[in-house]
1. Against the condition within 21 Å of D185 (Cα to Cα) and modelled with pLDDT under 75, how does A33 come out, does it pass?
2. Please state which one of L50, L19 is open to solvent by 70 Å² or more (accessible area, probe 1.4 Å) and at pLDDT below 80.
Amino acid sequence: GGSGGGSSSGGGGASVRRLSKAEERRQAAINAALAAQASGQKLNRKQRRLLKKKRDSDIADSVSASEMAKRQKRAGRFQVNASRSVDDGDDATFDEVVVGTSERLEKNYLRLTAAPDASTVRPVHVLKQSLQMVRDKLAKGSVQYEYIWHQLKSIRQDLTVQHVRSEFTVEVYEVHARVALEYDDLGEFNQCQSVLLLLL
């Protein structure tokens, strides 16, 4: 029995956690930054960084709640299980498993409407090299987000059509989610988050 109400109390004792002094100061700083932003004042660097952290935290919270509903829909729609690929949202899904033979490290993303030729798909060992190449270029800051987006999307696509669900698949989506957030690409961030919920 017991009522499964909305409040989730911890194990015994006081269930409401009080904010620490540091948290109170941070909340006050956030409120001040929000007030300054609302009144059209120019924010300093610290305030911008604070609001970005708050926004990222809010996005993560809202994503985890709203994407749970999407997860239920997706699971029913695509019958996701251990032997099947996850749906990446952009490509048509195919029951046929492609075994890639391409050795190209770089590949621009193109939306699929039919199962791809194996010669255009890269096997996992090549995709691992491709992800490392993308990480190296990100670290150097030598490329624009559009290039990174194409490379990560094409890696994700090659994993999807080969029905690869592994720790490496999770790593690819985590990398793209972080990069998308850094470049304010919330659509791609949300898509990565929804797939990660299915993978984890």
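1. It is false that A33 is within 21 Å of D185 (Cα to Cα) and modelled with pLDDT under 75.
2. Answer to the selection: L19.
The values are calculated or read from the model by the stated rules, or taken from the named source; none is laboratory data. Just so it is clear, the model here is predicted, and its values are computed rather than measured. Surface areas here come from the heavy atoms of the whole protein model, side chains and all, with no ligands, DNA or RNA. Shrake-Rupley method; radii C 1.70, N 1.55, O 1.52, S 1.80 Å.
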